[in-house]
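The values are calculated or read from the model by the stated rules, or taken from the named source; none is laboratory data. Keep in mind the model is a prediction, meaning the values are calculated, not measured. Heads up, the Cβs are rebuilt from the backbone with ideal geometry, glycines too, and the neighbour counts pull from every protein chain shown. We work out accessible area using only protein heavy atoms, side chains counted, and drop any ligands, DNA or RNA first. Shrake-Rupley method; radii C 1.70, N 1.55, O 1.52, S 1.80 Å.
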Amino acid sequence: MNKTGIKWTDKTWNPVTGCQKVSEGCKYCYASTLAERFSGGKAYPNGFAMTLHPERLNQPKNLVKSQRIFVNSMSDVFWSAIPRSFVDQMFDVMEATPHLTYQILTKRPEAMLSYSRRRRFTKNIWVGVTVESQAVADRLDVLREVQTDGYRFVSAEPLLSPLAVDWSGLDWVITGGESGEHLMDATIRQSRALVTLANCRWTPRIDRIPWIRAIRDASKASKLAFFHKQWGGVINNIAGNELDGRIWEEYPYDAMARM
Ligand code: SF4
């Protein structure tokens, strides 16, 4: 397991690596870039092709302290290429370690829903979907149907359009802008980024700040916790994550954040 710079979690756990792109938010997938860069090495022997790492399955059992774990940050738990029996083993471990909080994020909510109907998710498992644009907002309707005792969350990263959605029945929203070296290209930056580059400084775009502000205001009106992870840029967090003079890093278990 690895420590991570992803602000809303503590560690990543990757019993599976590799994935297949499904929507516009995947276009510059960091997992794909990383796996292809180190393809053939120990961590990514098959590049971004589906690879099981059974030796990693029991790693969480060594963690004594309560913490948040992002599951399959280098894949998607509900990708159909992953054998169901292997996914079952992952859930066996999650259920056997209730002192740990698992965060599962998917762009394949129908498969998540179907799995939950067979095996309801326990309280220590938070389930989320990525909604990077209005075009895929119907993922939220599926998430609301998922059978779970834990929190439901949304990752609006990389945010590629304004979002006007129904936030009811959800607990937590994370926002963030695209990041990566491809943003050095001004055309890509103009079409996908929440930031601008001027005089070697990366700063939030005047025309994109209202997108994040609107998500914050609408989600908080529905009593979700709000976490603005980053504005994005050539490297993670280079433009920070301040919005309207403060840092928004709420979690769904914070009662004050849900008022
Ligand atoms: S679903 Fe996630 S891991 Fe898979 S290609 Fe898309 S962004 Fe990458």
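In nm, what is the difference between 0.36 nm times the number of residues separating Met184 and Glu110 and their Cα-Cα distance?
Once the chain is fully extended between Met184 and Glu110, it gains 23.1 nm.
Label-to-label distance for Ser85 and Ser23 is 3.3 nm, based on points extended 7 Å past Cα in the beta-carbon direction.
Relative contact order of the chain: what whole-number percent is it, with Cα pairs under 8 angstrom and at least 6 residues apart?
13
A simple spin-label model places pseudo-atoms 7 Å from Cα toward Cβ; at Met50 and Arg120 they are separated by 2.9 nm.
Placing unit charges on the Cβ atoms of the charged side chains and taking the dipole of segment 2-258 about its Cα centre, the candidate lying farthest along the positive direction among Ser85, Tyr30, Met184 is Ser85.
Within segment 2-258, what whole-number % of the accessible surface is contributed by carbon and sulfur, with the 1.4 Å probe and all protein chains included in the calculation?
Values: 5860 of 11450 Å².
Carbon and sulfur: 51 percent of the exposed surface of segment 2-258.
If you take the beta carbon distance between Tyr253 and Leu63 as r and set R0 to 22 Å, what does 1/(1 + (r/R0)^6) give as a FRET efficiency, to the nearest 0.05? Efficiency, rounded to the nearest 0.05: 0.70.
Based on protein heavy atoms only, the chain ends up with 45 Å² per residue of surface accessible to a 1.4 Å probe. Please list, or write none, the aspartates and glutamates whose alpha carbon is within less than 15 Å of the alpha carbon of Lys3, excluding same-chain residues fewer than 8 places away. List returned: none. The packing ranking, built from the mean of other Cβ atoms within 10 Å per residue, places the peptides 52-64, 206-218 in the order 206-218, 52-64, highest first. Percent of Cα pairs in the chain per distance bin of 10 Å, from zero to the largest separation: 7, 31, 37, 21, 4, 0. Between Phe38 and Thr4, the FRET efficiency estimated from the beta carbon spacing at R0 = 22 angstrom works out to 0.85.
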